[in-house]
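I have placed the structure first, in the form of structure tokens, so that the comments after it can refer back to it.
The values are calculated or read from the model by the stated rules, or taken from the named source; none is laboratory data. All figures in this text were calculated on a predicted structure; none of them were measured in a lab. Heads up, the Cβs are rebuilt from the backbone with ideal geometry, glycines too, and the neighbour counts pull from every protein chain shown. For the accessible areas, the whole protein counts, side chains as well, though only heavy atoms, and no ligand, DNA or RNA atoms are used. Shrake-Rupley method; radii C 1.70, N 1.55, O 1.52, S 1.80 Å.
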Amino acid sequence: MKLFEKLQKKVTVNDYTFHCVIDQTPSIPMVSVKIYASKTSHVEFLFSWRKMYDVNPNRPLVCARLIQYAIDQGWAYQEEKQVTIIEQGDDVSDLLKLEELDYT
């Protein structure tokens, strides 16, 4: 997996555009995937570096699956000041089987 440090992208889920920021700064202990629905509303997933060798968070499909998972867990993304932090991103990755996604 190539390290991009911080990568930003837009992903559309349920006809709503989200802004994803993937922070792969080598000096931090976890990989952070922050997904913004607005300036004040976001969800953050924290992953171990080991898990990120199997799952490429830079793929739009991975971000879309994470967004849908957060919505299914009750993230009210269309409301202001809705912040959710999911520290066990590795468990979420296993649950969603992100490493098995077809990237072709």
- So which helices (runs of 4 or more DSSP H) stay within the range 48-99 end to end and still have 2 or more residues that are open to solvent by 60 Å² or more (accessible area, probe 1.4 Å) and free of Cβ contacts under 8 Å to residues at least 40 places away in the same chain? 60-72, 89-96
- Note on the structure: Sole miss for Glu44 among (1) part of a strand (DSSP E or B); (2) at pLDDT below 95 is condition (2)
- Task: Considering each residue of the range 14-37, count those that are of a type in the set (Val, Ile, Thr) and either assigned to a loop (DSSP other than H, G, I, E, B) or surrounded by fewer than 19 Cβ atoms within 10 Å (Cβ to Cβ) (or both), and give that number.
- Result: 4
- Limited to the range 84-97, what total is found for residues that are under 20 Å from Asn14 (Cα atoms) and out of contact with any Asp or Glu (no Cβ under 8 Å at 6 or more places or on another chain)? 1
- Can you name the residue in the range 38-47 that is touching a residue at least 24 places away in the same chain (Cβ under 8 Å) and not β-branched (Val, Ile, Thr) and is also surrounded by the fewest Cβ atoms within 10 Å (Cβ to Cβ) among such residues? Ser38
